[in-house]
1. Debye calculation, C-alpha points only, no solvent: report log10 I(q)/I(0) for chain A at q = 0.10, 0.12, 0.13, 0.17 Å⁻¹, in the same order as the q values.
2. Is the shape of segment B:46-142 best called rounded, prolate or oblate, per the rule: a/c under 1.5 gives rounded, else a/b larger than b/c gives prolate, else oblate, with a ≥ b ≥ c the square roots of the Cα gyration tensor eigenvalues?
3. Please find the FRET efficiency linking A:E258 to A:V92, where r is the Cβ-Cβ separation and R0 is fixed at 51 Å, and quote it to the nearest 0.05.
4. Within a Cβ distance under 14 Å of A:D36, other residues only, what is the Lys/Arg minus Asp/Glu net charge?
5. For A:H209 and A:I133, compute 0.36 nm times the residue count separating them, minus their Cα-Cα distance, and round to one decimal in nm.
6. List, in order, the whole-Hz ³J(HN,Hα) value for each residue of segment B:129-138 obtained from phi through the Karplus relation with A = 6.51, B = -1.76, C = 1.60 and θ = phi - 60°; use x for Gly and Pro.
7. I want the local charge near B:F87. Using Cβ-Cβ distances under 9 Å, sum +1 for each Lys or Arg and -1 for each Asp or Glu among the other residues.
8. Restrict the search to segment B:57-142; then list the GluC sites (Glu not before Pro) that DSSP places in a loop and that have at most 15 other Cβ atoms within 10 Å of their Cβ.
Amino acid sequence: MDKKFEGTLERIDQYRWRIPRSHHRDMRVDGVIYADDRLMDTIRTDYSLQQVANVACLPGIVHHSLAMPDIHFGYGFCIGGVAATDPAQGGVISPGGVGYDINCGVRLIRTNLTEDDVKPRLKVLIDKLFATIPCGVGQRGKISFDRKELKKLMREGSRFVVDRGFGFAADVEVTEAGGCIEGADPDLVSDRALERGKDQCGTLGSGNHFLEVQVVQAVFGEKAVVNQGVSTRYIYRELLKQIVRMFQTGQPPIAPEESVEIVAFIEAALESGDGGGRPVQLNI
Amino acid sequence: MDTDNAGYELRDHTADIALFAWGDSLESLFCAAAAGLYATVGELTCHSDTYHETLRFQATDVESLLHDFLAELHFRLETQDVCLADFNFTRLDDTILHATADVARIDRDASIFDHEVKAVTYHEVNIVRHDNRYEVTLSLDI
């Protein structure tokens, strides 16, 4: 795209820029671009800023038309463009915003393996994954589903795969969103799309698709208190490891004070459970 | 494919592939675009036995016609492992395409696949005519 953005670009701060809605009468909100000076020099060389302004015209758009660092010219939205629309305000779902690769996202599956388990065998693991999982251009899945099964797969996700004997139920429990999208309606997918997709099941795809082996080093969030270590899914195995280590080293895994607190908590939980969930007082 | 009369080039694109095609007629432009589509997928080797087939499309404008034509070729390639070639257009104007083509099965073992084309897009497609030369640039989503 040889055209360049000719409109107003205001600096908000060191890493943010604004295209004011006054740039075009159809803009409903401002455009906000996240970029440092060096990135902005590059961004200015294509038409992506105009696309940020274009997105700001979408019905029902909320707050701002956003652009993440390193945006570049895309299909309607710039690559790296973000917008939210409110249906109550006439908001639309924009195919240009969602992208042609609808649901081409990233899924995380957590195993019960630790870094100590994997690191010494990492190359073997990667070689095995590469040999087992069809990936790359022209590759097809080892299993092909008929149209009826394909729709069931699309609706149920990983659970369908497990029911067919291609996975473990325990895996689904640690798969994000249970490996499916709630409310998915495969009847809205065309026969042509189904025909194209049916041989792709179980493949990694090609292009920018990837599979990575990673280690969880820290967990953030409301319920996150563990900074690596114990896997709650396999609590008893982890507990056994801690006990063995204690006998080997003579060092308890937690301080005595914490032990007292844990016992008190368990007793309180049992008392509360016996009382139908009534609140109880911790005795520490 | 690169002659004075018709040809194609695969050009750099930010994230995908830009297919630039030209021809001295709409027919040769469409043929060149088809050749460019297949070239984007890779070096495809086909079996020698072929069969004849008729193609019919109707669209609102010539760009949509080209899109639908290429999208069908792409669909057949992906789902049936076939390439269409040696097009003989019996009618081709701004909204209607009638043609026959030879259909050949791809020899997957002998073919080299370079890109997985996800879609032939409508993005900024515009068939331009300069005197006796037609040109178009298409974005192929890979």
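Every number here is computed from the coordinates shown, using simple stated rules; none is lab data. Because the structure is predicted, anything quoted here is derived from the model rather than measured. Neighbour counts run over all protein chains shown; Cβ positions are idealised from the backbone, glycine included.
1. For the requested q values the scattering log ratios are -0.88, -1.07, -1.12, -1.30.
2. Values: a/c = 2.08, a/b = 1.37, b/c = 1.52.
Cα axes put segment B:46-142 in the oblate bin.
3. Efficiency, rounded to the nearest 0.05: 0.45.
4. Once all neighbours under 14 Å are counted, the net charge is 0.
5. Answer, rounded to one decimal: 26.1 nm.
6. Once rounded to whole Hz, the list reads 10, 10, 6, 9, 10, 9, 9, 8, 10, 10.
7. Net charge around B:F87: -3.
8. Answer in residue order: B:E124.
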